[in-house]
């Protein structure tokens, strides 16, 4: 008899959560963004025949992206727009547009969907940051065609009423990452959050400061993080495991002292903890160190 396969449930937030803009805020954002791009298109001259918003809406997606990219190259056009106010926006609306100078653009991985937004991780060789991003009208999982993590190219993130949104144009790679690469991306995201916090507004302010103990506890809090840190740091795994025991038992001072001589301190600590059965205790923990937690 043939077994029926169970469909895997999608882990998406429920509709009541604030992972996207309200209808009112979405309409406001679309109005401001589209009219700004109309202004930019007009500044570009004969390349785009855009006289009004209707003309802009008739452009192809590639043409709209091209106009958006030109704005990123000539960000001073935002000041020109605010100063001239060609569409008679209110002062508060102009301030929203002015804030878009504090943008972040580039390539990102979407790592997770949460009830408060999607987590975007910068694709950067050094010091990436993770951002909590709201969808506009449609949930991002209805737009991004592949399971997470997903790679998005040429993304523009902007501040909007104290939160972060994307500009409405997404180019998602139709690439399915294997389990190893997916795990590495999630680990890089966890590390970015631990180093900088989860960025929820722009411009980014480096206000989150975690102690070394908090960072260590975070990296060792799940089996996946422990395994990834072990692969990345090699022999440093023993130092991390030992420091974790000191953190839970004795606190910061011993962590700082024993970090310098991780191998000796690890051995000494394990022998002390298993006094009365020194050899068996050390051998047993050494043997199962791959699953230490």
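The values are calculated or read from the model by the stated rules, or taken from the named source; none is laboratory data. Everything numeric here is computed off the predicted structure, so don't read it as measured data. Note that each Cβ is placed from the backbone with ideal geometry, even for glycine, and that neighbours are counted across all protein chains shown.
So is residue 135 in contact (Cβ under 8 Å) with a residue 60 or more places away in the chain, touching a strand residue (DSSP E or B) at 6+ places or on another chain (Cβ under 9 Å) and within 16 Å of residue 168 (Cα to Cα) or not? Yes, satisfied. Mind listing just one residue for me: the one in the range 201-222 that is under 22 Å from residue 110 (Cα atoms) and surrounded by 17 or more Cβ atoms within 10 Å (Cβ to Cβ) and, of those, modelled with the highest pLDDT? Residue satisfying both the conditions and the ranking: 202. Tell me, yes or no, whether the range 29-43 has at least one residue that is out of contact with any helix residue (DSSP H, G or I) (no Cβ under 9 Å at 6 or more places or on another chain), at pLDDT 95 or above, closer than 21 Å to residue 161 by Cα and not assigned by TED's automatic domain parsing to the domain that holds residue 132. Yes, that holds for at least one residue.
Using the structure shown, decide if residue 174 is more than 12 Å from the chain's Cα centre (by Cα), free of Cβ contacts under 8 Å to residues at least 40 places away in the same chain and not in a helix (DSSP H, G or I). Break it down into steps so the answer makes sense when it comes.
Values: more than 12 Å from the chain's Cα centre (by Cα): yes; free of Cβ contacts under 8 Å to residues at least 40 places away in the same chain: yes; not in a helix (DSSP H, G or I): yes.
When the stated conditions are applied, residue 174 passes them.
Any chance the range 59-70 includes a residue that's at negative phi, at pLDDT below 95, outside any helix (DSSP H, G or I) and surrounded by 15 or more Cβ atoms within 10 Å (Cβ to Cβ)? So far as the range 59-70 goes, yes, one or more of its residues are at negative phi, at pLDDT below 95, outside any helix (DSSP H, G or I) and surrounded by 15 or more Cβ atoms within 10 Å (Cβ to Cβ).
Taking the stated definitions as given, is residue 94 in a helix (DSSP H, G or I), in contact with a helix residue (DSSP H, G or I) (Cβ under 8 Å, 6 or more places away or on another chain) and either over 21 Å from residue 200 (Cβ atoms) or in the same structural domain as residue 181 (by TED's automatic domain parsing) (or both)?
yes
The sole residue among 183, 225 that is surrounded by 14 or more Cβ atoms within 10 Å (Cβ to Cβ), part of a helix (DSSP H, G or I), within 18 Å of the chain's Cα centre (by Cα) and modelled with pLDDT of 65 or more is 183.
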